[in-house]
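Heads up: the structure comes next, in structure tokens.
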Amino acid sequence: AELIEPAGEIMSDKHLGEVFKENRFKAIGMAIKNHKKAVMQILATMDGVPVDEYKCNVFSLPVKILEILNDPEIVRLFTCQGQTGDAISSGSASENIGE
């Protein structure tokens with residue numbers, strides 16, 4: 001539950017998602033630069049450390065993020081796409097099907 005908000009912030013960055021598909025290393029840099037607080041909250045939570053006590057350095061931070069992004073389930077979250085306008089619908093989204 002503690003990861004939902006910071007992960008949602010990062011995953012809602014559409015530009016970051018596009019970069020992630022092409023170059024994970026560049027996406028890591030963007031995530032650190034544009035979402036530092038969320039990244040730190042995720043890493044601290046995953047390590048079981050309060051955010052204000054979490055320590056990392058310029059070398060360990062990208063490595064830790066890369067470890068997380070190598071998890072197939074996490075990669076799926078970042079690369080899944082929503083339904084596009086070209087998708088075929090079986091009916092109106094507001095249609096009442098049960099009366």
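At a glance:
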read-out: Count of region 44-89 residues which are touching a helix residue (DSSP H, G or I) at 6+ places or on another chain (Cβ under 7 Å), modelled with pLDDT under 90 and open to solvent by less than 80 Å² (accessible area, probe 1.4 Å); value: 12
read-out: Check on LYS14, open to solvent by 80 Å² or more (accessible area, probe 1.4 Å) and within 12 Å of the chain's Cα centre (by Cα); value: yes
read-out: Subset of region 1-34 (residues that are over 16 Å from LEU66 (Cβ atoms), of a type in the set (A, V, I, L, M) and without any contact (Cβ under 8 Å) to a residue 60 or more places away in the chain); value: ALA1, LEU3, ILE4
read-out: Residues of region 19-40 satisfying the condition of being open to solvent by 60 Å² or more (accessible area, probe 1.4 Å) and either modelled with pLDDT of 90 or more or touching a Pro at 6+ places or on another chain (Cβ under 6 Å) (or both); value: GLU22, ASN23, LYS26, LYS33, ASN34, LYS36, LYS37
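The values are calculated or read from the model by the stated rules, or taken from the named source; none is laboratory data. Since we're looking at a predicted model, the values are computed, not measured. Positions of Cβ are backbone-derived with ideal geometry, glycine not excepted, and every protein chain shown enters the neighbour counts. Heavy atoms of the whole protein, side chains included, go into the accessibility calculation; ligands, DNA and RNA do not. Shrake-Rupley method; radii C 1.70, N 1.55, O 1.52, S 1.80 Å.
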